[in-house]
1. Being modelled with pLDDT under 95, under 24 Å from I138 (Cα atoms) and not basic (K, R): is that true of F109 here?
2. Output the strands (runs of 3 or more DSSP E) that fall wholly within segment 95-141 and possess 3 or more residues being touching a strand residue (DSSP E or B) at 6+ places or on another chain (Cβ under 8 Å), more than 10 Å from the ligand (Cβ to nearest atom) and under 19 Å from M66 (Cβ atoms), or say none.
3. Mind checking which pairs have a first residue in segment 79-94 that is farther than 13 Å from D69 by Cβ and a second that is hydroxyl-bearing (S, T, Y) and assigned to a loop (DSSP other than H, G, I, E, B), Cβ under 9 Å, 6 or more apart or different chains?
4. Take segment 36-55 and flag every residue that is surrounded by fewer than 14 Cβ atoms within 10 Å (Cβ to Cβ) and of a type in the set (A, V, I, L, M).
Amino acid sequence: MMPTRRSFIKKGCVHCAAIIGAGFLLEGCGSSMHMYKTQVSDKKIIVPLNEFPADKNIMVVRSKDMENDILLVKKNDHYNALYLQCTHEGVGLSATDKKIVCTAHGSVFDFDGNVLKEPALKPLKKFETSVIENNLIISLT
Ligand code: FES
């Protein structure tokens, strides 16, 4: 069965990059993005810190309980948990090694969730995170 455009964007582009505007700029294809699959429990997601790849500062967290993935970004002293849903019209976003892109209309976000390129005007939803023992807790409230 052919995937719908939405399912392709949501599931097919985690490893691929951006197709932006008429130029079809491809970026990052072939790069691998580590994905951790888990479940939401008590409005929280728990990610063992040892799931974070040693050679990258980003990884994707996927739960069947959520419409879109979360991109975890390891900063110096904290983690950003960015909801991969475009603030323009709600399309699922794709992450490359350097940025977050919306393949529908071309918005681009940085790893703090800030808009780098419109049409999106609002930053990405950022969930609170905390580290307890060897786990990263993402609060979905
Ligand atoms: S839904 Fe992402 S730019 Fe329009």
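1. Details: modelled with pLDDT under 95: no; under 24 Å from I138 (Cα atoms): yes; not basic (K, R): yes.
Spelling it out, it is not the case that F109 is modelled with pLDDT under 95, under 24 Å from I138 (Cα atoms) and not basic (K, R).
2. Numbers: elements: 115-117, 126-132, 135-139.
By residue number, 126-132, 135-139.
3. T87/S107; H88/S107
4. Across segment 36-55, the qualifying residues are L49, A54.
The values are calculated or read from the model by the stated rules, or taken from the named source; none is laboratory data. Just so we're clear, the structure is a prediction, and the values are computed from it rather than from any experiment. As a convention, Cβ positions derive from the backbone with ideal geometry for all residues, glycine included, and neighbour counts pool all protein chains shown.
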